[in-house]
């Protein structure tokens, strides 16, 4: 007699596959919570926001397999993909660049990676020439070396007569704002126990005061923990430590953006807020800083959106946000130069 009580391994594997597809759908569909739930409350959703490109790719893979097998669980990846409608505009835009427009503010933000190119050669002159060729008149820089003075920047960025920095605090990086317009009401915002900071200043353009914000939020520390993971034989504890470090940095950024939001809310002038946020557009940090500001990429971008040149160019973590009531982005672009691990973001803005 045939024993029908023996379970079939293929059916068990198929059932496990369907359970995995449902779990993948649920996790991917929860990405929107990364925008609303503070990492202080639950850091898990911030992780979903970071790995969202990979989750969507996995759902696409499951969808192909499910269609091939004509299985009912193809509905799972479809739900997950549709549930992330909020994400896709941050990856691709099709705004046609305007011609013959007037832009009073030709703005740029750039994480300059200590002005170090390959073999540690200085990139300062090349970066200055690039911005000059693009007729930029206001620049926010992050990761300026601690020993770089305002005089040094003025000497190289010759068409930027007004320069302020946060000052070299020991070995920590600086922020800098450079402009052809006078800078006043200068303020540095420090974060407790963290070297990252923010720099604020006002410019006056056509009798309109505009407050410029240059932010460099807490880093992920990925480059530091990556080396530990690659070169240690027993990485079990290293992985735990690495995930803990990155999770703690989510929390640091959460506190930083909460304090910066309160400062921005008190501004009496229209805002242009930019910098290296170390956050994706699907994050509590991005949504908190953005508030009711406009994202220049969403308003004037054209093509695929990214600013971090590594990780297969999956991430846009450098932003230019502005007050849409008084300002309008006419043109947005990222510079195709390799002086840093980031790309510069250039935005031409008109005053309404």
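Structure remark: mean-square fluctuation, Gaussian network model of the chain, C-alpha springs under 10 Å; the largest value among 320, 205, 189 belongs to 205.
Rounded to the nearest 5, what % of DSSP beta bridges with both residues in the chain are antiparallel? The antiparallel proportion sits near 80 percent.
Restricting to DSSP H runs of at least four residues, report the calculated mean residue ellipticity at 222 nm for the chain, -39500 (n - 2.57) per run over all residues, nearest 500 deg cm²/dmol.
Working: 10 runs with 128 residues, N = 352.
Using -39500 (n - 2.57) per qualifying helix, the result is -11500 deg cm²/dmol.
Rounded to the nearest 0.05, the FRET efficiency derived from the C-beta distance between residue 262 and residue 350 at R0 = 35 Å is 0.75. Within the listed set 185, 122, 247, the residue fluctuating most in the Gaussian network model of the chain (springs between alpha-carbon atoms under 10 angstrom) is 185. Shape class for segment 1-150: prolate, because the ratio a/c of the largest to smallest gyration tensor axis (alpha-carbon atoms, square roots of eigenvalues) is 1.5 or more and a/b beats b/c.
Under the rule a/c < 1.5 gives rounded, and otherwise a/b versus b/c splits prolate from oblate, where does segment 125-167 land using the Cα gyration tensor? Since a/c reaches 1.5 and a/b is larger than b/c, the shape of segment 125-167 is classed as prolate.
If we count other beta carbons within 10 Å of each Cβ, what is the order of 47, 72, fewest first? The partial results should precede the final answer.
Details: 47 17, 72 9.
Fewest-to-most ranking of 47, 72: 72, 47.
Each peptide in 149-156, 134-141 was scored by the mean count of other Cβ atoms within 10 Å over its residues; highest first, the order is 134-141, 149-156. Taking the Kirkwood radius as Rh and the Cα radius of gyration as Rg, segment 9-86 has a ratio of Rg/Rh equal to 1.05. If the segment from residue 22 to residue 155 were pulled out straight at 0.36 nm per residue, it would be longer than the present Cα-Cα gap by 41.9 nm. For the chain, the relative contact order works out to 20 percent when only alpha carbon pairs closer than 8 Å and six or more residues apart are counted.
Shape analysis of segment 95-351 based on the Cα gyration tensor places the equivalent ellipsoid semi-axes at 29, 20, 19 Å, largest first.
Would you work out if segment 283-352 is rounded, prolate or oblate? Take a ≥ b ≥ c from the square roots of the eigenvalues of the alpha-carbon gyration tensor; rounded if a/c is under 1.5, else prolate when a/b is larger than b/c, oblate otherwise. The shape class here is oblate.
Throughout, read-outs are computed from the coordinates displayed, never taken from laboratory work. Only a predicted model underlies this, so the values are computations on that prediction, with no experimental measurement involved. All Cβ positions, even for glycine, are placed from backbone atoms using ideal geometry, and neighbour counts span all protein chains on display.
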